[in-house]
Amino acid sequence: MWRRKFIAGLAGMVALPLTARAQRPNRIYRLGHLATTSETEALTRQITLPELARLGFVEGRNLIFDARVDDSDSLPALMRELLAAQPDAVVAIGTALKPAAAATRTVPVVAFGNDPIVLGLAASYARPGGNITGVVIAADELEAKRLSILLEAVPDRRRVAALVPALSGVSEAVRKAAAGLGIEILVFPVAAPSEYPAAFAAMRAQGAQALIISALPQFLRDGRQLAALALEGRLPTVCEWAEMAHTGCLIGHGPNRIELRKRMADQIAQIFRGVAPRDIPIERPTSFEFALNLRTAKSLDLIVPASVLTRADEVIE
C-alpha cells in the first residue's frame, strides 16, 4: 500500500463544474482512480485503460491516469489529493464510492461494484441525476444465487457461514433465500486479514458446514488465503468471481468482469466527450460466469452432482 505526497490546503472545491468539461481538441484528460487494493487498480490498467485507448483516450498521449490505493480509513484524504489535480473523472472501486461521493458533487465519479442507488447516491439506473454513474455487480442478488448453487453442490449442509466485512452483515436477499431453503446462516464479520484465522476457528466451533465469502475487493485479494483456511476447516466455499475457483474456492460465480470493465471505459469516454454523468445510465451485469474446482471437491471428499457440473462454464480438474 502506498500514498503520494498530500498537497496541503487543496480540496474538492477546486474542481471545475460539470458544465465546463466539454471535450476540446488536443486536450489531455486526467482520470483519477481510488481503490483499497492494488489488485483492483491492476485490473483497471489491464482491461479498462486498453479499452479507453481503443476509444481514443491513450495514456501517455492524451490521458493521464492518477491512482491512489490504501485502506478504507485513508480514502477521504486520498480523494482530496485526486481532486486537487482537477481530474475530468474519478473511478471509485467498491467501498471507495462513498468517500469519493462525499468529497465532490461536481467531478464525475464512475463507480465499479457498489450500487449508487442502494447507497442513496443516484436517483435511478436509467437517469442517475447527479455526478455519479458506473457499473454495479448486483452483489445482494448474486449472493442469494450463490447460496442456492452452493446448496445444490452440497445439499446435505444446513448451517452455512457467511464471511462478511466488519460492521456489515448478510443481505436481506440472502436471509430470505436461506429461509426458503431451510438453511441457518452464521455471520462472521472481519475487519482485516489478521482476523481471518479467528473467524474460521469460530466457524468450526459453531458447526458451520459450508461457507459464502461475500463480495469485497479485499476478499478477492486474499482469495488464496481464505480458500486455504476453508479447506483446512473442511468447508465447501462459494466466492464472488469465477476466477476465485482457481485460487481454491469450490465454486466461483459472478458477472463477467471483463465485460463490466469495458462498459466502464465506455462511460468514462462519454464523460470525456462532454456527456454529464447524470445522463449516463448505471449499468448492471448481463452475463455471468460459473467455475467449479473439482480438485477442491476431491480434497473435501465431495461428489458434485452432475446437474451442477453440466451448468459450469469451467471445470477445474
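Laboratory data are not the source of any read-out in this text; all were calculated from the coordinates shown. Since the structure is predicted, the reported quantities are computational estimates derived from the model, not experimental observations. Note that each Cβ is placed from the backbone with ideal geometry, even for glycine, and that neighbours are counted across all protein chains shown.
Restricting attention to the stretch 264-302, the residues that are more than 30 Å from GLU232 (Cβ to Cβ) and of a type in the set (Lys, Arg) total 3.
This table checks each residue for (1) under 13 Å from the mean Cα position of the chain (by Cα); (2) of a type outside the set (A, V, I, L, M).
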position	(1), (2)
LEU216	yes, no
CYS239	yes, yes
LYS262	no, yes
ILE268	no, no
GLU289	no, yes
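Restricting PRO116, PRO99 to those that are touching a helix residue (DSSP H, G or I) at 6+ places or on another chain (Cβ under 9 Å) and under 13 Å from THR133 (Cβ atoms) reduces the list to PRO116.
Could you pull out the residue among VAL160, VAL135, VAL91, VAL164 that is out of contact with any Phe, Trp or Tyr (no Cβ under 8 Å at 6 or more places or on another chain) and in contact (Cβ under 8 Å) with a residue 12 or more places away in the chain? After ruling out the rest, the residue left standing is VAL160. Mind checking which residues of the stretch 270-287 are among the basic types (Lys, Arg) and within 20 Å of the chain's Cα centre (by Cα)? Across the stretch 270-287, the qualifying residue is only ARG284. Out of curiosity, is LEU186 farther than 25 Å from GLU51 by Cα and either more than 17 Å from the chain's Cα centre (by Cα) or not charged (D, E, K, R) (or both)? Taking the combined requirement at face value, the residue satisfies it. Identify the residue in the stretch 71-97 that is of a type in the set (D, E, K, R) and surrounded by fewer than 18 Cβ atoms within 10 Å (Cβ to Cβ) and, among all such residues, is nearest to GLY113 (Cα to Cα). Looking at the filtered set, the residue picked out is ASP71. Residues in the stretch 54-81 that are touching a residue at least 40 places away in the same chain (Cβ under 8 Å) and under 15 Å from ILE271 (Cβ atoms): LEU55, GLY56, PHE57.
When LEU186 is tested against (1) farther than 24 Å from LEU302 by Cα; (2) outside any loop (DSSP other than H, G, I, E, B), just one condition goes unmet, and that condition is (1).
Within the stretch 257-287, can you find the residues that are more than 19 Å from THR310 (Cα to Cα), not charged (D, E, K, R) and not in a helix (DSSP H, G or I)? Correct list: GLY274, VAL275, ALA276, ILE280, PRO281, ILE282, PRO285, THR286. Beta carbons closer than 7 Å, at least 6 apart along the sequence or on distinct chains, pair a first residue in the stretch 219-231 that is more than 17 Å from ALA201 (Cα to Cα) with a second that is polar (S, T, N, Q) for ARG221/THR37; GLY223/THR247; ARG224/THR247.
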